[in-house]
Every structure is written in structure tokens, then in C-alpha cells.
Amino acid sequence: MLTPKESRSRELKEVNGVWKFRADFSENRNRGFEQRWFTKSLSESGPVIDMPVPASFNDITQDPRLRDFIGWVWYEKEVWVPQRWADVDSGQRVVLRVGSAHYNSIAWVNGAQVTQHEGGHLPFEADITKLVQSNPSQPCRITIAVNNTLNLHTLPPGSIQYMSDETKYPAGYFVQNINFDFFNYAGLHRPVLLYTTPKACIDDITVTTDFADSTGVVNYVVSIKGSSNPSVTVALSDKEGNVVAAASGPAGMLKVADVKLWWPYLMHESPGYLYSLEVHMTAKSGSYQYEDYYTVPVGIRTVRVTSRQFLINSKPFYFHGVNKHEDSDIRGKGLDWPLIVKDFNLLQWLGANSFRTSHYPYAEEILDMCDRLGIVVIDECPGVGIKDIRSFGNESLAHHLIVMEELVRRDKNRPSVVMWSVANEPNSELAPADYYFKSVITRTKSLDPTRPVTFVSNSNFNRDRGAPYVDVICVNSYFSWYHDPGHLEVIQIQLNTQFEDWYKKYQKPIIQSEYGADVVPGLHSDPPMMFTEEYQKIVLQEYHAVFDQKRKEYVVGELIWNFADFMTTQSTTRVVGNKKGIFSRQRQPKTGAFILRDRYWKLANETGRLPLAARYP
């Protein structure tokens with residue numbers, strides 16, 4: 001799915017801002033996936049409140065029922081479209097696109113259902129041309145119903161538990177059970193857009209790259225919608241706008257002399273170099289002559305994995321980075337440009353060269369920044385908390401495969417994305433996990449044979465049924481925290497054993513995909529005690545001592561958990577969220593941030609590829 005953008009042939013209109021909003025607080029709202037049809041406006045059918053888009057709805061009001069709400073909510077907004085969009089003779093199509101809605105969604109335009117989508121974090125769209133053009137004198141009324149209920153077959157999975165004892169609970173009382181440690185924010189989290197294309201248009205573009213010596217190779221495939229006999233030309237330009245290669249036809253290969261490769265941040269003095277591939281299509285249908293333009297950023301680079309190394313452009317790459325969350329005060333998981341830019345400034349300050357999109361696909365705007373800055377990404381789907389054996393059945397597998405298809409189609413052309421992750425901490429010791437992960441990983445590789453595939457495990461190395469199918473072993477462990485809490489002296493022994501066990505059995509490179517300790521900012525103790533800044537400091541130093549031994553062999557990365565504190569459900573083990581961040585939720589550094597900054601810049605300087613001016617003193 002191409003990201004909507006304006007061009008010589010396309011227009012775009014954001015439908016963000018304040019929408020009308022209502023939640024269904026009825027006690028039977030989760031007794032099934034019920035469709036709601038709107039033939040009149042939302043405000044005509046009952047009371048509404050204002051709700052910003054994009055944002056999670058949970059923290060916007062003072063109503064505690066809404067903060068922890070599970071069930072149906074409705075958004076609605078009226079918007080005027082340009083007169084030319086409504087012209088039936090314009091030769092244009094009008095598309096409604098929702099960047100992300102959590103989790104099940106139904107969309108209507110002027111009371112007519114236009115699409116339904118299952119799953120959050122990924123975009124969906126619908127052609128609404130006829131509805132817009134049928135009544136051009138009226139505004140376009142967009143209604144979106146969203147249900148954040150999770151069941152055993154959704155991604156992530158969950159379950160609804162009804163409490164029937166009326167001596168303890170009100171009638172109809174239920175709770176949403178989840179198997180993940182972050183808050184179940186919901187709503188319209190990313191922009192809602194209207195955009196136009198010609199009726200015959202560029203529908204999809206696939207780009208793969210390679211190089212030999214100083215010559216780069218860009219292979220491309222263009223899919224066209226609305227015409228069986230289009231004319232297609234492509235032109236590749238460098239950053240200065242100079243055309244360096246061109247071709248004609250819907251598929252082909254471009255060769256680039258004196259190629260400038262896409263390099264990760266801190267691995268080259270000019271990281272994140274992007275060419276621009278402009279695709280131009282012309283097509284004739286009856287009396288109409290259609291013309292469409294679309295430009296894709298292209299980073300020319302290769303990715304390859306050996307039994308001991310992760311190679312980018314045939315050079316060993318070591319992940320020194322973070323895990324993150326889309327999470328912040330008030331807006332929850334809503335797209336927030338100031339926060340995005342702040343986080344990238346902090347990543348660069350830290351000397352981090354990578355992150356994992358734990359535990360779901362992040363906004364396209366975030367990946368745009370990664371492409372430009374050279375931040376390497378492990379792109380993870382929402383397969384977190386797959387614990388129940390019933391979540392490994394055919395219904396769950398079918399949905400998981402669809403999610404991976406949507407994710408790969410969205411992010412396949414991004415040079416920053418170097419590996420797909422199909423799950424986080426599943427119960428991969430269960431017997432059905434073998435077929436399940438073999439199927440998901442095989443399908444992902446068939447969709448994109450150019451990238452390695454992994455999932456993140458915390459299972460026993462000897463009983464993990466999914467590990468044989470991955471290209472890179474990713475392991476989460478929290479020695480001296482969840483295991484032997486308070487005993488810092490065991491970290492090096494247990495971590496060394498972990499690495500030796502996994503490598504001996506699978507002979508694959510290993511990434512420590514999570515490690516860390518909770519810290520209440522400003523809490524101190526000497527000798528170190530759990531939840532203090534001193535304790536986190538020692539945990540990091542003990543892990544790093546083993547990393548430094550094993551990265552000389554087969555460990556190819558370390559990703560701290562977590563970049564910043566984030567919200568979770570309320571529990572006896574969480575004090576207003578998870579505090580394992582090296583930054584607070586408000587992005588203020590803890591002691592751990594300075595420990596990592598010193599380490600990451602030293603690791604970057606060891607590559608010998610940085611100019612003196614770029615080196616951390």
C-alpha cells in the first residue's frame with residue numbers, strides 16, 4: 001500500500017482535528033461483534049463529546065469509565081472536499097484512508113458502509129468516489145466505529161472475562177484480560193486522510209537493491225490499477241536532483257554508477273543516503289487520458305546473515321539501540337510530531353543506531369525519519385502475548401498471515417527496515433507453535449526474500465519450537481530482576497550460560513533483544529537496591545561485560561528495555577506504568593541514559609568509519 005502523498009497528479013486533505021465522539025457504556029456491548037449502521041449523524045442519535053484525532057481516547061477526559069473502556073466507540077466528522085473532487089467528469093478517484101484504528105473498525109461515508117478492517121497499527125482505505133460525487137453540494141460525513149476488544153484470535157490476543165457473582169460485581173461486569181505489559185490504548189491513533197488519484201493510477205511499487213563494487217542496482221516492479229495497457233517510465237535521481245538512471249516498462253533494473261550506499265547512523269560519515277525513484281504512468285481509457293506520478297525514496301543497501309554476523313553492505317553491523325513504545329502523556333499512542341522529533345534527537349544523542357518497533361508496527365512518519373537518519377529498524381508485528389494454546393489455531397494463524405502481508409506491503413521499500421519480527425515472547429514451547437511459526441515465517445520470507453525474519457523469545461532454548469525457523473535468535477532476559485531479584489552477582493554467570501546454550505544448539509547470531517531494570521526517577525540507594533538508579537546502573541554494567549565478550553564471537557546486538565517509561569494497566573507490580581526506561585515518560589534522562597551514551601559512542605568509534613568531527617569525545 002503506497003503512502004498517500006501529494007504529487008503533480010494527486011491531492012491530499014487531512015481530516016484531523018476535533019471529531020464528535022461517543023462511547024457505548026451499555027452492559028452488553030461486548031456480547032459479539034455487532035455492526036452499527038448510520039443513516040443520520042452521530043449527534044442526532046444521542047449526546048457526543050469532542051475528541052482529538054489523532055490520539056488515544058483514554059486520557060482525554062476526566063471520566064474513569066473512558067480511560068479503561070473496552071467496547072465500541074464512534075467518531076464522526078464532516079468535511080468539505082474541493083469542488084473538482086466531486087466532478088464526475090474529473091477522471092479522479094477519491095480515497096478515504098485511516099492510518100491506524102484500534103482494533104476492529106467499520107467506516108461509513110454519508111451513512112453508507114465503505115470498509116471494515118480487523119487489527120490496529122496498520123492502515124486501511126476505501127474508494128469513496130461515488131459517494132462524494134453523488135451529492136457534491138453537501139459536506140462529506142465520515143463515521144468510524146472502533147472496538148478495542150481483544151479475543152484469543154486477535155493480534156495481540158486477549159480474552160473477556162465476565163464476573164457473574166453479583167454479590168461482588170455489578171450486573172454485566174467484565175474485564176479485558178491481556179498478556180502484554182503496556183496499556184491497551186485505543187482510538188484513531190494516526191491521521192485520517194482523503195486523497196485523490198487518477199482513475200487509472202499507480203497502485204503499488206516494489207523496490208529491491210544490490211550493488212557490486214561501485215555500481216548500484218535498483219530492481220523495480222510497478223502495479224497499475226484501472227488500465228490493462230499503461231505506459232510506465234521511471235527515473236532515479238540523487239539528492240541534488242540529478243537523474244542517474246532511467247528506464248521504461250512496469251518492471252526492470254536500473255544501474256547506478258558511483259553509487260552512494262545507504263549506511264546506518266554512526267557507521268558512515270553520510271548515513272541514510274536516499275535516492276528518489278519517480279514513477280510516471282500514462283494510460284488511455286475511452287476519451288480519458290490518465291497520467292499519474294509517484295515518488296519513492298530508495299536507499300541502496302544489502303542485508304545478509306551468517307552464522308556469526310549480521311551484515312549491512314557486506315560489513316558487520318552491531319545493533320546498539322533501544323526498544324520503544326508509541327506512548328506519551330495525554331495523547332497515548334496518538335501520532336505526535338514534537339515527541340517524534342524529540343525522540344530522534346535523544347537517539348542520536350545516545351549514540352543509538354537501531355530500535356525494535358516493540359510490540360507493533362510504528363507510524364509511517366517514524367519510519368520516514370529512520371530512512372533519512374540511518375536508524376536501523378527491526379519491524380515487529382502486533383504478535384505479542386500469544387500464550388494460550390487456542391491462539392495457535394487456524395483462525396489465529398490466518399489472521400497473523402494477513403497482518404504480515406499488510407506489514408510487508410507497507411514497509412517493504414524502506415532501507416531502514418532490515419529484519420521482520422513476527423512475535424514477541426510467545427509460548428513457543430507449545431506443540432502447535434512449531435507449525436504456527438514455520439507457517440508465519442515461511443510466508444513472510446515468500447513476501448520478502450531480501451530480509452531475515454525472527455521472533456523474540458523468552459522460552460527455554462532447548463524447548464523453543466519456533467527457533468529453528470528464524471534467521472537470527474532474539475532473546476529477552478531479566479537476570480537479577482524477574483529472575484533472582486536483587487542478586488546482581490548472578491548476572492554474568494546466567495547471561496553467559498544463556499548465550500552459550502542458544503548458540504551451541506542453533507548456530508545462529510544472537511541479539512539480546514531486551515534487558516533492564518525498573519527505576520523510579522530520583523530514587524537512590526547505596527548499596528544498590530531494586531528500583532533505584534544505582535541498581536539499574538549495575539545491571540547495565542554487568543550485562544555489558546558479557547556483551548563485550550560475546551560480541552567478539554556471535555552476539556550481534558543489544559537493545560535496552562526500554563527507551564522511556566510507558567503506561568501499563570494498573571497492578572501491584574507497576575507504579576503508574578513501567579519504569580524500565582532510561583528516560584522518564586517526559587524524556588528526562590536517568591543515570592542509565594548516561595551509561596548507555598558512553599557505551600554506544602565507544603562502540604561506534606570502534607568501527608573506525610567515523611570522521612574525527614563525528615566522534616563522541
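The values are calculated or read from the model by the stated rules, or taken from the named source; none is laboratory data. In this text, all values refer to a predicted model and were calculated from it rather than measured experimentally. Note: ideal-geometry Cβ built from the backbone for every residue, glycine included; neighbour counts use all protein chains shown. These area figures cover heavy atoms from the full protein model, side chains too; ligands, DNA and RNA do not enter into them. Shrake-Rupley method; radii C 1.70, N 1.55, O 1.52, S 1.80 Å.
Here is how the numbers come out for the structure above:
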read-out	value
Region 458-493 - residue that is touching a strand residue (DSSP E or B) at 6+ places or on another chain (Cβ under 6 Å) and polar (S, T, N, Q) and, of those, least open to solvent (accessible area, probe 1.4 Å)	N476
Neighbours by Cβ (under 7 Å, 6+ apart or cross-chain): first from region 300-311, more than 13 Å from P264 (Cα to Cα); second acidic (D, E) and at pLDDT 95 or above	V305/D471; R308/E553
Residue, surrounded by the fewest Cβ atoms within 10 Å (Cβ to Cβ), within region 102-113, restricted to residues that are more than 19 Å from M404 (Cβ to Cβ) and in contact (Cβ under 8 Å) with a residue 60 or more places away in the chain	G111
Subset of region 391-427 [part of a loop (DSSP other than H, G, I, E, B), buried (at least 23 other Cβ atoms within 10 Å of the Cβ) and within 13 Å of the chain's Cα centre (by Cα)]	S416
Any hit, region 140-162, residues being open to solvent by less than 40 Å² (accessible area, probe 1.4 Å), in a loop (DSSP other than H, G, I, E, B) and β-branched (V, I, T)	yes
Residue match in region 382-390 (condition: within 12 Å of the chain's Cα centre (by Cα), touching a residue at least 40 places away in the same chain (Cβ under 8 Å) and open to solvent by less than 10 Å² (accessible area, probe 1.4 Å))	yes
Filter result for D434 (open to solvent by 20 Å² or more (accessible area, probe 1.4 Å) and either β-branched (V, I, T) or part of a helix (DSSP H, G or I) (or both))	yes
Options Q116, Q133; residue that is open to solvent by 10 Å² or more (accessible area, probe 1.4 Å) and part of a strand (DSSP E or B)	Q116
Filter result for I60 (in a loop (DSSP other than H, G, I, E, B) and modelled with pLDDT of 95 or more)	yes
Residue ranges of strands (runs of 3 or more DSSP E) in region 174-293 with at least 3 members among the small types (G, A, S) and touching a residue at least 40 places away in the same chain (Cβ under 8 Å)	231-237, 275-285
Members of region 464-499 found to be in contact with a helix residue (DSSP H, G or I) (Cβ under 7 Å, 6 or more places away or on another chain), of a type in the set (S, T, Y) and either modelled with pLDDT under 95 or closer than 30 Å to Y435 by Cα (or both), listed by number	Y469, S477
Per-region count, region 63-96, residues assigned to a strand (DSSP E or B) and either open to solvent by 10 Å² or more (accessible area, probe 1.4 Å) or more than 28 Å from Y185 (Cα to Cα) (or both)	7
